[in-house]
1. Scan the range 125-136 and give yes if some residue there is open to solvent by 10 Å² or more (accessible area, probe 1.4 Å) and in contact with a helix residue (DSSP H, G or I) (Cβ under 6 Å, 6 or more places away or on another chain), otherwise no.
2. I'd like to know if the range 54-64 contains one or more residues that are modelled with pLDDT of 95 or more, under 23 Å from Ser151 (Cα atoms) and not in a helix (DSSP H, G or I).
3. Could you list all residues from the range 21-38 that are touching a residue at least 12 places away in the same chain (Cβ under 8 Å), among the small types (Gly, Ala, Ser) and surrounded by 14 or more Cβ atoms within 10 Å (Cβ to Cβ)?
4. So, in the range 250-274, exactly how many residues are within 13 Å of the chain's Cα centre (by Cα) and over 18 Å from Leu218 (Cβ atoms)?
5. Output the strands (runs of 3 or more DSSP E) that fall wholly within the range 182-269 and possess 2 or more residues being open to solvent by 10 Å² or more (accessible area, probe 1.4 Å) and under 19 Å from Ala281 (Cβ atoms), or say none.
6. For Ile429, all conditions in the list (1) in contact (Cβ under 8 Å) with a residue 60 or more places away in the chain; (2) part of a helix (DSSP H, G or I); (3) closer than 13 Å to Asp449 by Cβ hold save one; what is the number of the exception?
7. Starting from the range 216-238, take each residue that is in contact (Cβ under 8 Å) with a residue 40 or more places away in the chain and list its partners that are aromatic (Phe, Trp, Tyr), counting only C-beta distances under 6 angstrom and pairs at least six apart or across chains.
8. For the range 281-326, give me each residue that is assigned to a loop (DSSP other than H, G, I, E, B) and among the hydroxyl-bearing types (Ser, Thr, Tyr).
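The values are calculated or read from the model by the stated rules, or taken from the named source; none is laboratory data. All of these numbers come straight from a predicted model, not from anything done at the bench. Counting neighbours? That spans all protein chains shown, and the Cβs are built from the backbone with ideal geometry, glycine included. When the accessible area is computed, the model is the full protein with side chains, heavy atoms only, and any ligands, DNA or RNA have been set aside. Shrake-Rupley method; radii C 1.70, N 1.55, O 1.52, S 1.80 Å.
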Amino acid sequence: MHIQFSQSRPETARLLAQVVDKGKLPSSLEKAVSEGASAARFKGGAGQLFESFVERDGKVLRLALAGAGDRNDEARSANLEKAGAAIAGKYQSSGETEVVLDLADSGLSAEEAASVLLGLRLRNWRYDVYRTRMKDEQKISLETVTVINASDGSEAAWAEAAHLASGIEFTRELVTEPANIIYPESFVARCRERFEGTGAEIVVLGEAEMEKLGMGSLLGVGLGSERESQLLAIRWNGGGSEAPAAFVGKGVTFDTGGISIKPGPGMEDMKWDMGGGGAVAGAMLALVLRKAKANLVGVIGLVENMPDGKAQRPGDVVTSMSGQTIEVLNTDAEGRLVLADALHWTQEEFQPSRIVDFATLTGAIIISLGNEYAGVFSNNDELAGQLYEAGIATGDKNWRLPIGAAYDKLIDSPIADMKNIGGKAAGSITAAQFLQRFIANDTPWAHVDVAGMVWSDKPGQTWGKGATGYGVRLIDRFVADNLES
């Protein structure tokens, strides 16, 4: 989607859109529009949309009013995204090719205007690469947004937000691609392509290098696959000599469950079991493109979990890079095995100031929180609070759950240092407890379980059905609020 700024409405434009705060219809609206909106119970709630027709300058135009919610809402930025998304959702395949966003009388600051545009662009994104027989009325027609009457600085603010959009779209692309296209090596190749010329440093470890380092936990997951496992690091130095903040992602590009094989129905969804890794890759792209003033590293453990004669078995014991041994009772609890070595290597290699990992780790988190919040587990109250605040501001909501010694006992093994599952109770918590055993020296750490957030079976606030891009906004805002001066 092309977004441009202009001094006046293009002559060819037929669709006009305005953003309206809750309970504050612009006084400049035609009487028929105001009364029509009232009759339709349009109040300007976040994401609410009302359509009418007006005659202006001798020309009949479609007019869309998009609700931005209460101006004083702490989720103002997310609500403005919903307003923009409502416009795209309505007119994406309408036959209209251009929408004019008129910000006169909106009272929107430059940053607020950028939020509207971000929502509009993101909701208009759709991955149609493999669809060859679409009817014209199914195809995306909306291509251009022309912004008029914007406040000073809006164009510059959008240029900054456009980098965030690029990161979110990259995450969605990675998550959407099928597993025969995106596997560990091709994931790395696509990242190399996207980060080329950005100034970011790319480091990749293959299986031979990981074996020398003793990464038996990560490598054990990929034993049954013909695809070679990879460990990818994306490093950005934008903050002087400070220790970097690390973001670590689970990148299981397809998860059959291994020998503990999953049921067939729904297994196709496991192409997005790399959603945590996808979020880290997209967030790093956004941060690098906008030249974030912080030292950052994104690390992604990439494997494919398949069953064959070489695959690890339930009951096997593996030795992690940290030296800790793990009894693998269920090969479908593989994400924590990948993260165990990825987390340890990240600490050894980069000595990070803090670590946040993102993983589609447990189905149990969906039972707990549904598809509304990611689960957060942390050894540091300040870090957990910062993630919560960033989530409220951006709409990437998260909720903290407990960890503690009582839960830790549930993953003790009778023959090894730990086992990779803890039973039916508190499944998300015991998974987090497992990961915490690989955090050294009380490094501030948070684990974000995004299993219910990276994919949606129905359209959401700024996405269509499919990949949501969850996590990119969260990381970007967390960095902006807490790591950049």
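1. Yes, that holds for at least one residue.
2. Yes, the conditions are met somewhere in the range 54-64.
3. Gly36, Ala37
4. Qualifying residue count for the region: 1.
5. 201-205, 230-237
6. Result: Ile429 fails condition (1) only.
7. Arg227/Tyr183
8. Passing the criteria: Ser320, Ser322.
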